Amino acid sequence: MNQINPEVIIINEENYKIPHDFVGLITSILFFENEALEKVVTISFVNQEEMEELYNKYYGYAQSTDVLSFEAGEIDPESGKEILGDIVICYPFVDHQSLTFGNELFDEIKLMVVHGMLHLLGYDHNTEDQKSEMWQTQSEILLANGIKLNQLPE
């Protein structure tokens, strides 16, 4: 049987130490959400300055954060796959956050990917109901993937 996997593009220009199986994690999230696997997702690892520039560009003020997601909602004309969008992870922020919360760095990074993917799939946490639904789904995906965290960021 020919298994179709999502296409995951990794941008890591600073050569940060990162997990290797993002395709498996993205696939499990898409399965969990009953989504087709013919998707394209880009995961970029950036430094503090780059994250602040992005935050300023899209939110009007410079601030750093752990992860941002940018929906594309386009179809790749060559492959016919849906381009879900970009997940941008601020590596130094996440590295510090993992130490603060007592989480393994790779698990913290995987949390950022799960969180970012849920945003790309339409989840949000602007209201208490939305937050409750997103956090519950996120928790179930983390558990299903054996990702253990001592503490979650708010």
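Before moving on, here are some points about what is shown:
- Calculated FRET efficiency for the pair residue 59/residue 150, C-beta based, R₀ 22 Å, to 0.05: 0.15
- The chain, relative contact order [Cα under 8 Å, separation at least 6], %: 22
- Counted by neighbouring Cβ atoms within 10 Å, the residues 23, 41, 114 run from fewest to most as 23, 114, 41.
- With each label modelled as a point 7 angstrom along the Cα→C-beta vector, the residue 143-residue 101 pair spans 1.7 nm.
- Each of 91, 16 was scored by other Cβ atoms within 10 Å of its Cβ. Arranged with the fewest first, they read 16, 91.
- Considering helices alone, the calculated mean residue ellipticity of the chain at 222 nm is -14000 deg cm²/dmol, with DSSP H runs of length four and up weighted by -39500 (n - 2.57) and normalised per residue.
- Net charge dipole size for the chain [Lys, Arg +1 and Asp, Glu -1 on Cβ; Debye, nearest 20]: 340
- Antiparallel DSSP beta bridges within the chain, as percent of all bridges there, nearest 5: 35
- Spacing of the modelled spin labels on residue 49 and residue 31, each 7 Å from Cα toward Cβ, amounts to 4.2 nm.
- Global form of the range 96-144, assessed from the alpha-carbon gyration tensor, a/c cut-off 1.5: prolate
- Arranged from fewest to most other beta-carbon atoms within 10 Å of their beta carbon, 96, 119, 20 become 20, 96, 119.
Read-outs throughout are calculated quantities, based only on the coordinates presented, and are distinct from any laboratory measurement. Everything numeric in this text was worked out from a predicted model, so none of it was measured. Backbone-built Cβ (ideal geometry, glycine too); neighbour counts: all protein chains shown.
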